[in-house]
Every structure is written in structure tokens, then in C-alpha cells.
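Working notes, beginning with the structure itself.
The values are calculated or read from the model by the stated rules, or taken from the named source; none is laboratory data. For clarity, every value in this text was computed on a predicted model and none was experimentally measured. Note: ideal-geometry Cβ built from the backbone for every residue, glycine included; neighbour counts use all protein chains shown. Note: accessible area is taken over every heavy atom of the protein model, side chains too, but ligands, DNA and RNA are not part of it. Shrake-Rupley method; radii C 1.70, N 1.55, O 1.52, S 1.80 Å.
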Amino acid sequence: MKAVILTKYGPPEVLQVAEIGKPIPKDNEILIKIYATPVNFADLLIRNFKSITPRKFNMPFIFWLFGKLYFGFNKPRVKILGSEFAGEIETVGKNVKGFKIGDQVFGYCGPGMGAYSEYLCMKENGIVSVKPVNMSHAEASAVPYGAIMALNLIRKINIQPQQKVLVIGASGGIGPAVVQLAKYYGAQVTGVCGTPRLEFVKFLGADRVIDYTKEDYTNSCETYDFIIDILGKSSFTACKKVLANKGRCLFVSFKMKQIFLMLWTSMIGSKKAICVLSNEKPEDLRFIKELIELEKIKTVIDKCYPLNQAAEAHCYVEKGYKKGNVVITVK
Ligand SMILES: NC(=O)c1ccc[n+]([C@@H]2O[C@H](COP(=O)([O-])OP(=O)(O)OC[C@H]3O[C@@H](n4cnc5c(N)ncnc54)[C@H](OP(=O)(O)O)[C@@H]3O)[C@@H](O)[C@H]2O)c1
């Protein structure tokens, strides 16, 4: 089968198509013929991992160290990128009960990656579900990572109807799902993103959008019950100015500084900082599928590239051009 191999760490050109052996599913696995897989944050991060210092990494040092040990310090140990996919089941292992040949599925393979290829094996109890009927493979492939992360994070803060939510980083992988899920739970949502993606975030249903390159969202008379900062780029001191009394600032990406802030604010003051880790489960994806079919979650495809142009797809995303999702189509 054909797969895009990460030959070494570096610029997009290190992604090269190669012919490799087709995987064989174990008794509890399904073999998926991949039709589409998006380019997401993790793909770019891992391709560039050699140059990612602990300082550049958005999470605590220990996560960076585990990442380096798992993905490789100087050369990649995980050779095929792609953590989300949509496709069709070609074969099932003899103990598989929940899926059958021909099922259209979508899913998230996490740090194991491997979706930039024609075939992928997944455990039947992995994060994989029947694909929503109202999305194409390209659209469905771009949903799982962001949606299940967002769902896990949002569940930890219990958003109530009419509460005001500020999403800093509303246009990337996780932010669009945070915006849509917060709307689903009845909140009034303001999304923060860069200029090219303002229309995209509006289209997702944000009540208001702020361009972080033109406006300081911490300098406003508006206050929010929750501030959700995807990249952890904001300062808690600045955010407190626009945080309502008893408001919470949730850092999706955080360092030790935010962890200390969480401990400190848990004891002192009415405005709290929180750092949370998501622990995604297969049922989360099934719930997301239902929300998609109820048209509560949508996705936007900006551009599709064939498998042999994976490097071009990475280049387009890395240059900051994308407005929505960029998907590698395999079929
Ligand atoms: N806590 C957890 O369990 C967990 C789980 C998964 C991932 N994460 C973390 O989540 C992060 C990746 O999230 P993602 O996939 O959504 O990333 P992403 O796709 O790269 O999106 C980043 C977002 O941040 C915005 N942004 C960039 N610079 C900004 C700035 N200076 N001010 C405000 N917004 C800015 C971007 O806006 P524009 O593109 O419009 O400029 C975009 O909306 C990683 O740091 C990862 O470690 C945490």
C-alpha cells in the first residue's frame, strides 16, 4: 500500500510517498481503507519535533520529555503521521462484534498516528464510530480530534445557558468545536482568531468574533463567565479584567506557571484559573456523531490534496493560509 513516510524531522519536503506492507488486523481489530485524513496541529508539531524545545512546547516539560521519548529525539520513531481519518472497513478480525465489512467510519488514532496511508488497523474499542450520514469523508475526517478534546474540556466546566464564553483560538483544531459545543449548551460565545479566519468562526455560530491582531480582548467592558484559552497565550492577570465574578479561565495548553496559578486561585480569590487534561473515550465520538446528524456541529473544508501532495498540504497550513480544514484525500 501507499503511505506518506516521515523520513526525518524538518520542512514539509521530508514527507515522501512510499510503498509499504499492508497491515493485517488482529482478532480484535478492524482494517480501514482510508479515504480522508486532515492536517492538524499534531502533524505539524511532530514533523517539526527536532526543533521544538521545552520552551516552544505548549505543555509542561514532562510532557515534552515523554513526547521526545515516544516520537524520537533526533529522528522520527513514528513514521506515518495522521491522527484522524474517515474511510471504509475492508476487513474485520474474527472477534470483532461492533463493526462489519463495508461500514463507513471515522475516528481518532491519537499519538499512534498512521492515517496518512491507504490502510490503517484500529482496535474495535478504539475511538472509532460509524460516520455521520450528513458529512462527506473529507468533512468527517476533520472532526474527531477537535470535537472530542473540546467535549472533554467543556464537560469539566459545566457551561450553563446564557453564560458568556470567550474562546481564544477559535479557528484551529479544538476551538471550532469549543465554539459550537458552547453554543449547543446555550452559551453566548465570542471567538478570538486571526484576520483570515474571522468569517469562518462567524460561520460556526459565534455571536461575536475578535481579531487578536487588531484588538486586545482583555481590554473591553465585556465580561465573561468562562475564558477558554486553547494555546495558553494569554496572561491570567490580563484575563481577570474581563472575567466575571466567580468566572473561570481554562487553559487548554498550560505550563507549570498556570498549574501554580490553579493551586493559588483554588484557595484565594473568586476568579479561578484551571488547567485540564482531556481523557477521550469511544462513546464521546458516538455522541459527536449524533450532534453532527442533528446539525449542531459542522465543519468547513478549505482545501483537499491527494496523498502524494501531503507536503504541499503541510506547506499551505504552515503558512497560515487555511480557513477551515485542509484534508489529504486518499481514495
Ligand atoms: N489539555 C489537553 O488535554 C489538550 C489536548 C489536546 C491538545 N492540547 C493542546 O492544544 C493545543 C493545540 O490546539 P489546536 O489543535 O486547536 O491548535 P491549532 O489548530 O494550532 O489552533 C491554534 C488557535 O490559536 C489561535 N492563535 C494563534 N496565535 C494566537 C495568539 N497570539 N492569540 C490568540 N490566539 C492565537 C489560532 O488562530 P489563527 O490560526 O486564526 O491565527 C488558532 O485558532 C496544543 O498546545 C496542545 O498541547 C491540550
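Numbers below:
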quantity: Listed residues Q163, P176, P23: farthest to the positive end of the dipole of the chain (Cβ charges); calculated: Q163
quantity: Equivalent-ellipsoid semi-axes of the chain, from the Cα gyration tensor, Å, largest first; calculated: 34, 22, 19
quantity: Under 12 Å, Cβ to Cβ, from T237 - net charge with Lys/Arg +1 and Asp/Glu -1; calculated: +4
quantity: Cross-link pairs K22/K331; K233/K303; K202/K289; K79/K323; K183/K272 - those with Cα-Cα distance over 26 Å; calculated: K233/K303; K79/K323
quantity: Distance between modelled label sites at Q162 and I62, nm, 7 Å Cα→Cβ extension; calculated: 4.2
quantity: Accessible surface, per residue, of the chain when the full set of protein chains is kept, probe 1.4 Å, Å²; calculated: 45
quantity: Sites A18 and K240 - FRET efficiency at Förster radius 56 Å, r taken between beta-carbons, to 0.05; calculated: 0.60
quantity: Value of [θ]222 nm, deg cm²/dmol, for the chain, DSSP H segments ≥ 4, -39500 (n - 2.57) each, nearest 500; calculated: -7500 deg cm²/dmol
quantity: Dipole magnitude of the chain, debye to nearest 20 (Cβ charges: Lys/Arg +1, Asp/Glu -1, about Cα centre); calculated: 960
quantity: Rg over Rh [alpha-carbon atoms, Kirkwood Rh] for region 268-324; calculated: 1.17
quantity: Span from the region 158-236 Cα centroid across to the region 271-309 one, whole angstrom; calculated: 16
quantity: Largest-first principal axis extents, alpha carbons of region 118-199, Å; calculated: 42, 31, 21
quantity: Estimated distance in nm for a label pair at L277 and S253, the labels positioned 7 Å out from Cα along Cα-to-Cβ; calculated: 1.8
quantity: Region 145-275 - charge dipole about Cα centre, Lys and Arg +1 at Cβ, Asp and Glu -1, debye rounded to 20; calculated: 400
